[in-house]
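Below: the structure, in structure tokens.
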Amino acid sequence: MEQRGECLAKVQLLRDQFENLEKHTQWGIDFVDKYTKFVKERCEIEINYAKQIRNLSKKYQPKKNSREEEEHKYSSCRAFLATLNELNDYAGQHEVIAENLTSQIVGDLARYTQELKQERKSHFHDGRRAQQHIENSWKQLEACKRRFERDCKEADRAQQYFEKMDNDINVTKADVEKARQQAQLRHQMAADSKADYTACLQKFNQEQNEHYYTLIPHIFQGIQDMEERRILRLGESMKTFAEVDRQVIPIVGKCLDEITKAAESIEPKSDSQLVIEAYKSGFEPPGDVEFEDYSQAMKRTVSESSLSNSKGEGKPEKSSGKGKGKLWPFIKKNKGSGPEDFSHLPPEQRRKKLQQKIDDFTKEIQKELDQRDALTKMRDVYIKNPQMGDPSSVDPQLADISQRIEKLRFEAQKFEGWLAEVEGRMPTRSDPPRRQSGLYDGQNSTPVSNSCAQDRESPDGSYTEDPSSEAQLKVPVPDFDDEFDDEEPLPTIGTCKALYPFEGQNEGTIAVAEGEVLYVIEEDKGDGWTRVRRNEEEEGYVPSSYVEVCLDKDAKGSMTYI
């Protein structure tokens with residue numbers, strides 16, 4: 001009874017609002033379409049955003065065979081590369097969002113909207129048909145009612161006419177009988193009309209009751225259920241809208257965690273050490289510049305600013321100026337790409353360049369070997385299966401590969417030879433400390449307890465204890481521009497004792513044996529070399545780190561050590 005009362009209430013409230021329900025349900029469908037369009041535009045935004053993120057990541061990816069690849073040996077560059085890769089995965093998650101929104105909301109709501117339109121059309125079609133039926137029933141009832149009313153009036157008139165004729169004495173009996181029969185006929189017709197009207201009224205009342213208490217409530221209930229399902233479906237879609245984002249949050253979080261981890265892996269000290277290893281020259285820093293006292297009349301060391309002979313004061317200086325004012329006078333300047341053996345570079349840099357070239361040749365050789373192996377297997381297949389190809393067609397390619405391999409091996413051996421030469425010049429730092437020299441005799445030298453120089457490194461910044469390795473030492477020395485040709489001998493300013501053997505194969509240098517005592521005629525000017533003399537005709541440069549020098553007091557005004 002309670003449900004029947006609710007239906008009656010709905011009939012009373014909504015039977016006159018059929019058109020309003022049509023408008024409202026159409027608005028509901030339009031609202032679903034509006035939300036679907038919103039989600040679709042969100043998908044487009046996600047796709048475009050992911051595309052822009054991918055393009056950004058690709059733009060900053062290191063290009064192959066470029067300097068950027070070399071830069072990724074630094075931890076900061078590797079962290080940036082990891083960030084770019086994670087950003088690419090991050091963009092992929094936004095593509096997943098767009099894909100899930102499209103499949104779970106856009107596509108689903110599009111299908112549901114079509115179903116909703118069909119269901120709405122069906123409900124209102126049933127409603128209009130029911131309304132048309134009740135209207136037709138009402139019209140039929142009205143027709144029966146009007147006919148009954150007309151027949152009753154006709155019967156009354158016929159009765160009155162009969163009574164009039166019956167009371168009139170001038171009327172014949174036949175006319176009275178005819179009027180009586182006509183009155184009876186009209187009464188019969190009125191009775192039939194009454195019966196039809198009664199039946200039509202009962203039928204209409206029954207149909208009207210069914211219409212307002214069964215059909216219309218059922219249709220309205222269907223429309224209400226349809227609307228509630230639409231609203232529920234829309235709410236579920238909104239929940240899915242949030243859930244799609246929430247599903248990718250863990251993966252996005254992992255991407256961000258990896259970016260944080262990459263940032264935390266940056267090692268400033270390691271990167272700075274790589275810079276040091278990449279650009280260190282292997283040379284020893286220049287020594288202190290000695291004070292030159294011009295206020296006293298004494299023998300002066302021939303300085304960089306005056307290379308003229310002290311005995312020939314009026315002799316003009318040489319105008320070439322080569323080797324003057326240079327920090328490393330024995331290293332040629334790099335013009336263009338430099339020589340093939342990289343001899344223009346400092347020892348450490350030269351060693352790295354040669355090793356890199358050897359590694360490149362090794363990779364090329366391995367690539368050619370792999371290609372040769374592949375062609376060899378192909379030829380074996382052709383030999384076993386002649387129908388697949390001619391084995392002799394592979395021979396020219398194998399011959400070309402063999403020639404390329406031999407050429408590459410020859411080039412690699414050439415660079416290996418240069419590398420061995422460079423490594424032979426670079427003693428290791430694992431040697432024991434150098435020996436302190438004792439007191440020894442020399443011309444115009446004064447024995448003093450710390451009269452010899454402190455331990456010095458070799459010109460390339462390292463030591464060695466293997467005399468055989470020192471025998472192969474070659475210092476890349478360019479021409480000395482004949483600085484001491486056609487000049488009077490320089491005065492002796494002290495003596496030095498060789499701590500290690502030096503072969504002195506380059507022009508401008510002089511070979512010395514371990515323990516040999518020589519005269520010093522020009523001290524180290526900061527370039528790591530000392531000019532010495534063995535006799536009046538033999539003089540040249542030796543590495544300052546290979547000798548202990550004792551200068552004369554008379555030559556410098558005080559004892560000076562290099």
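The values are calculated or read from the model by the stated rules, or taken from the named source; none is laboratory data. Model, not experiment: these values are computed from the prediction. Here the Cβ is made from the backbone with ideal geometry for all residues, glycine too, and neighbour counts use every protein chain on show. What goes into the accessible areas is simple: the full protein's heavy atoms, side chains included, and nothing from ligands, DNA or RNA. Shrake-Rupley method; radii C 1.70, N 1.55, O 1.52, S 1.80 Å.
Just a few scattered comments:
- Proximal charge balance of Thr102 [Cβ under 11 Å; K/R count +1, D/E count -1]: -3
- Estimated at 0.36 nm per residue, the fully extended path between Phe18 and Lys117 surpasses their Cα-Cα distance by 34.0 nm.
- Charge tally in the Cβ shell below 12 Å around Arg379, where Lys, Arg are +1 and Asp, Glu are -1, Arg379 excluded: -1
- Using the Karplus relation 6.51 cos²θ - 1.76 cosθ + 1.60 with θ = phi - 60°, the per-residue 3J(HN,Hα) values for segment 31-37 come to 5, 4, 4, 5, 5, 4, 5 Hz, with x marking Gly and Pro.
- Computed from label points 7 Å out along Cα-Cβ, the spacing between Arg157 and Arg409 is 13.7 nm.
- Modelled FRET efficiency - R0 30 Å, Asn136 with Ile29, Cβ distances, 0.05 increments: 0.45
- Efficiency of FRET from Cβ geometry, Thr362 and Gln387, R₀ 35 Å, rounded to 0.05: 0.35
- Other-chain or far-sequence residues with amide H under 5 Å of Tyr500's (modelled H): Gly515
- Too-long pairs where the Cα-Cα distance tops 18 Å, listed order kept, from Lys363/Lys414; Lys64/Lys363; Lys357/Lys407; Lys73/Lys269: none
- Amide H to amide H distances under 5 Å link Gln505 with Val475, where only residues 5 or more positions off or on other chains count and H is placed in the peptide plane.
- A cut-off under 12 angstrom between Cβ atoms defines the neighbours of Ala263, and their net charge, with Lys, Arg +1 and Asp, Glu -1, is -3.
- Accessible area of Trp27 in the full protein assembly, 1.4 Å probe (Å², nearest 10): 130
- In order along segment 402-409, the phi-based Karplus estimate (6.51 cos²θ - 1.76 cosθ + 1.60, θ = phi - 60°) of 3J(HN,Hα) comes to 4, 5, 5, 5, 4, 5, 5, 5 Hz; Gly and Pro are listed as x.
- FRET efficiency, Glu340 to Lys261 (Cβ-Cβ, R0 35 Å, nearest 0.05): 0.20
- Backbone geometry of segment 267-273 corresponds, through the Karplus equation with coefficients 6.51, -1.76 and 1.60 at θ = phi - 60°, to 3J(HN,Hα) couplings of 10, x, 5, 5, 5, 5, 5 Hz, x marking Gly and Pro.
- Whole-angstrom gap from segment 488-540 to segment 148-162, using each part's C-alpha centre: 162
- A cut-off of 5 Å between modelled amide H atoms, ignoring neighbours fewer than 5 places along the same chain, links Glu522 with Arg531.
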